[in-house]
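Peer 1: Take this structure first; my questions come after.
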Amino acid sequence: MNNYHIKDIELAEDGLKRVIWADKEMPVLENIRQKFANEKPLKDLKISCCLHVTTETANLMRTLKEGGADVLLCASNPLSTQDDVAASLVKDFDIAVHAIKGEDNDTYYKHILKAIEHRPNIVMDDGADLISTLMKKGGDAIKDIFGSTEETTTGVIRLKSLEKNNILKFPVIAVNDAHTKYLFDNRYGTGQSTIDGIIRATNTLIAGKNFVVAGYGWCGKGLANKARGLGAKVIVTEIDPIKALEATMDGFYVMPMKEAVKLADIIVTVTGDIDVLVKEHFISMKNGCIICNSGHFNVEINIEELKNLSKKINKNVRELVDEYILENDKKIYLIADGRLVNLASAEGHPAMVMDMSFSTQALSVEYLKHNKNNLGCKVLNVPIEIENHIADTKLKTLNIKIDRLTEKQKNYLESWEYGT
Ligand code: ADE
């Protein structure tokens, strides 16, 4: 393999060990990999993937390759690449990788252009940077593509905007919106990996802290619950009245950010929108407040405004932690430059949940291949049969048995005649 741009190929040995470690907790994906190896359903396909380069992603790449595809991987965030994994993919699995942890914006987009030059037939995106670059600079490459999958909430929102404006050029399967993805990955994965990232970066104690979660979607819900489990007093901020009510009845304090910042010891943004923390909030924060983001893009914390308020910035007071000193000597600690804290400062979601997300990805790609010409240029849900198959297989691997409907029960559920 000579199609790669990674940090150091010599890191492959460590990467391989970690990829195999993650694979132990990904039995559903392993199952699909074996089936793909036998049937080669992706033969003659070129697939370009723009994903976080983690051990779990490596196992997905292996699966697509076993299915017969010619795969290229680039990063979906400049700070989330695990360089040892990138090396192992190239050296041990002969997969093209263009990703380096800490790459600047320019390099990040050069790597995305490599994914376009690969001339894919299928695109797998996480956040829609690959598809949006393809739309702006892809030229002819778009003609070869007959479908895509999208991994995350933010990406699905961007793609729905393309669909609404009638400029989507191929079908996109919204993997994020599958139950087998958001109920586990967004909720339990983000909950645990975000706390993991904060603790690795700061070694702070969560118990007894005022912990603010901005956004009560599936990721926010998971995070608020995990923080509570560690003994924090959790405050939720929301703009959606239904979600705010839900957070209230789930037992969390709910208030506007303007009030929450005055109490906060730790603040995590996980809304998917811009300017969740801005100047007026920084001014009201307590000395020593830790702030970070677990939403897809680094736009939720307005770092420019934080910089403008600061008389001094001490970079890396701990790895990935910057200290901003405001005019009145107040210190605010920002983790990972406002990028995804769970991937920049930890290893992302554990393999146990990524097993379901990435099995959903692999089977969605196979579905795109089989239904190539009859899906339309739409954002589509994952077929329920795929979701049920994944959930069933996961239960089996966990040795959990469940009841099945009797014929009488099925008939009852399908009828309208029965009443009181
Ligand atoms: N997104 C969140 N966690 C991830 C992981 N472990 N691998 C790939 N993408 C992720």
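Peer 1: Sort out which residues of the range 47-88 are more than 10 Å from the ligand (Cβ to nearest atom), under 19 Å from Leu11 (Cβ atoms) and under 20 Å from the mean Cα position of the chain (by Cα), and write them in order of number.
Peer 2: Residues of the range 47-88 that are more than 10 Å from the ligand (Cβ to nearest atom), as a first pass: 47-50, 61-75, 78-79, 81, 83-84, 86-88.
After this cut, where a residue has to be under 19 Å from Leu11 (Cβ atoms) as well, the list is 61-62, 73-75, 78-79, 81, 83-84, 86-88.
If the condition is that a residue be more than 10 Å from the ligand (Cβ to nearest atom), under 19 Å from Leu11 (Cβ atoms) and under 20 Å from the mean Cα position of the chain (by Cα), then Met61, Arg62, Leu73, Cys74, Ala75, Pro78, Leu79, Thr81, Asp83, Asp84, Ala86 are the ones that fit.
Peer 1: Out of (1) touching an Asp or Glu at 6+ places or on another chain (Cβ under 7 Å); (2) surrounded by fewer than 21 Cβ atoms within 10 Å (Cβ to Cβ); (3) farther than 25 Å from Glu66 by Cβ, the odd one out for Ala128 is which?
Peer 2: Result: Ala128 passes all but (2).
Peer 1: With respect to Thr57, is the statement that it is touching a residue at least 12 places away in the same chain (Cβ under 8 Å), out of contact with any helix residue (DSSP H, G or I) (no Cβ under 6 Å at 6 or more places or on another chain) and crowded, with 22+ Cβ neighbours inside 10 Å true?
Peer 2: yes
Peer 1: Ok, one more. Before we move on, is Asn302 surrounded by 17 or more Cβ atoms within 10 Å (Cβ to Cβ) and farther than 23 Å from Val53 by Cα? If you could, list the steps in order and put the result at the bottom.
Peer 2: On the way: surrounded by 17 or more Cβ atoms within 10 Å (Cβ to Cβ): yes; farther than 23 Å from Val53 by Cα: yes.
So Asn302 passes the test.
Peer 1: I'd like the full set of residues that are touching a Leu at 6+ places or on another chain (Cβ under 8 Å), part of a loop (DSSP other than H, G, I, E, B) and at negative phi, limited to the range 103-156.
Peer 2: His118, Pro120, Asn121, Asp126, Ile145, Phe146, Glu151
Peer 1: List the number of the failed condition for Thr152; all other conditions in (1) out of contact with any Ser or Thr (no Cβ under 6 Å at 6 or more places or on another chain); (2) away from the ligand (no atom under 16 Å from the Cβ); (3) of a type outside the set (Asp, Glu) hold.
Peer 2: Of everything listed in (1) out of contact with any Ser or Thr (no Cβ under 6 Å at 6 or more places or on another chain); (2) away from the ligand (no atom under 16 Å from the Cβ); (3) of a type outside the set (Asp, Glu), Thr152 misses just condition (2).
Peer 1: Right, here's the next one. Just checking: which of the helices (runs of 4 or more DSSP H) contained wholly in the range 319-401 hold 2 or more residues that are touching a residue at least 12 places away in the same chain (Cβ under 8 Å) and away from the ligand (no atom under 16 Å from the Cβ)? Step through it out loud before you land on a result.
Peer 2: Working: elements: 341-344, 351-370, 384-397.
The qualifying helices (runs of 4 or more DSSP H) are 351-370, 384-397.
Peer 1: All but one of (1) in contact with a helix residue (DSSP H, G or I) (Cβ under 9 Å, 6 or more places away or on another chain); (2) at negative phi hold for Gly68; which doesn't?
Peer 2: (2)
Computed from the coordinates by the stated procedures, all read-outs in this text should not be read as laboratory data. The model shown is predicted, which means the values in this text are computed figures rather than measured ones. Neighbour counts are summed over all protein chains in view; Cβ atoms, including those assigned to glycine, are modelled from backbone coordinates with ideal geometry.
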